[in-house]
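Beneath this line is the structure, given in structure tokens, with notes to follow.
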Amino acid sequence: VGGHKVYLSENFKDVNDGIGGITQDSNSYAPAQRLNFGTTYYWRVDEVNGPPDYTVHKGNTWSFTTEPIGYPIKNITATASSAHNADMGPEKTINSSGLNADDLHSKEPADMWLSGAAGPQPTWIKYEFDKVYKLHQMWVWNSNQMVEPFVGFGFKDVVIEYSVNGSDYTTLGTTHQFARAPGIAGYAHNTTVDFAGVAAKYVRLTANSNWGGIMTQYGLSEVRFFYIPVY
């Protein structure tokens, strides 16, 4: 009697080299464990002849990617306590300006938000979504101007608050520290904040300090929110 030999792994080389196959007669296969979210799996099915030769006919190696835990929120409005000028408003943190196809950010000031030097303190930026979401994560690209290594406009110690109605806010954990940006082009986000599934329509970030500690101006390059697609 012939059969199938099934290979399934996150490792392409293991599947392609025929390591760890499962032999079975049925025409369907149920993995022993639940698949992980946001993961690429490789699979292959070899056909095995019956006796006396038991010839193996190697199958092609295929792949699929499971759905992510969180999806990016698209409809967001950003407001802030102040802006340095009209070209550096808070909307620059949510419109992908400065990001290339690989999600790497530029060092151009006009691609970022910067608060005004004479703006009210503490400096804050607020995000409003089109509805209440179950929040998964927030990715942060900090202020990435060329002068960032010297002046340090980027948010450092930050209070993160969230709200369903825009008036009653809850603080997320304690103070969070956003990683400093390098001030060069090709900057990948280097801060990820876990919201652990809280429900929110508004998120407010308040800067307690910046990385330079020289000027009372604070900036961010881009912020991206992810939600879990359930109510």
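The values are calculated or read from the model by the stated rules, or taken from the named source; none is laboratory data. Remember, predicted model here, so these are calculated numbers, not experimental data. Positions of Cβ are backbone-derived with ideal geometry, glycine not excepted, and every protein chain shown enters the neighbour counts. Ligands, DNA and RNA are stripped out before the accessible areas are found, and what is left, the full protein with its side chains, is counted by its heavy atoms. Shrake-Rupley method; radii C 1.70, N 1.55, O 1.52, S 1.80 Å.
If you go through the range 33-50 and keep only what is assigned to a loop (DSSP other than H, G, I, E, B) and free of Cβ contacts under 8 Å to residues at least 40 places away in the same chain, you end up with Gln33, Arg34, Leu35, Asn36, Phe37, Gly38, Thr39. Within the range 110-127, the only residue that satisfies the criterion of being part of a loop (DSSP other than H, G, I, E, B) and among the β-branched types (Val, Ile, Thr) is Thr123.
Can Ser221 be described as more than 21 Å from the chain's Cα centre (by Cα) and either closer than 21 Å to Glu148 by Cα or surrounded by fewer than 16 Cβ atoms within 10 Å (Cβ to Cβ) (or both)? Considered against the rule, which asks whether it is more than 21 Å from the chain's Cα centre (by Cα) and either closer than 21 Å to Glu148 by Cα or surrounded by fewer than 16 Cβ atoms within 10 Å (Cβ to Cβ) (or both), Ser221 comes out as no.
Just so you know, in the range 167-179 the residues that are assigned to a loop (DSSP other than H, G, I, E, B) and open to solvent by 80 Å² or more (accessible area, probe 1.4 Å) include one that is nearest to Phe195 (Cα to Cα), and it is Thr174.
Of all the numbered requirements in (1) of a type in the set (D, E, K, R); (2) surrounded by fewer than 13 Cβ atoms within 10 Å (Cβ to Cβ); (3) in contact with a Gly (Cβ under 7 Å, 6 or more places away or on another chain), Asp14 misses one, and that requirement is (2).
Could you say whether any residue in the range 20-35 is modelled with pLDDT of 90 or more, of a type in the set (S, T, N, Q) and touching a strand residue (DSSP E or B) at 6+ places or on another chain (Cβ under 9 Å)? No, the range 20-35 has no match at all. Going by the conditions given, is Ala117 of a type in the set (Gly, Ala, Ser) and open to solvent by 60 Å² or more (accessible area, probe 1.4 Å)? Judged against the criteria, Ala117 is a match. All of Gly152, Gly183 fail the test of being open to solvent by less than 30 Å² (accessible area, probe 1.4 Å) and touching a strand residue (DSSP E or B) at 6+ places or on another chain (Cβ under 6 Å), apart from Gly152. Taken over the range 83-109, the criterion of being open to solvent by 50 Å² or more (accessible area, probe 1.4 Å), among the aliphatic types (A, V, I, L, M) and assigned to a helix (DSSP H, G or I) is satisfied by Ala86 alone.
Kindly indicate whether any position in the range 128-142 is outside any strand (DSSP E or B), among the polar types (S, T, N, Q) and touching a Ser or Thr at 6+ places or on another chain (Cβ under 7 Å). Checking the range 128-142: not a single residue is outside any strand (DSSP E or B), among the polar types (S, T, N, Q) and touching a Ser or Thr at 6+ places or on another chain (Cβ under 7 Å).
One residue stands out in the range 52-68 among those that are assigned to a loop (DSSP other than H, G, I, E, B) and farther than 16 Å from Lys5 by Cβ: the one that is farthest from the chain's Cα centre (by Cα), namely Pro52.
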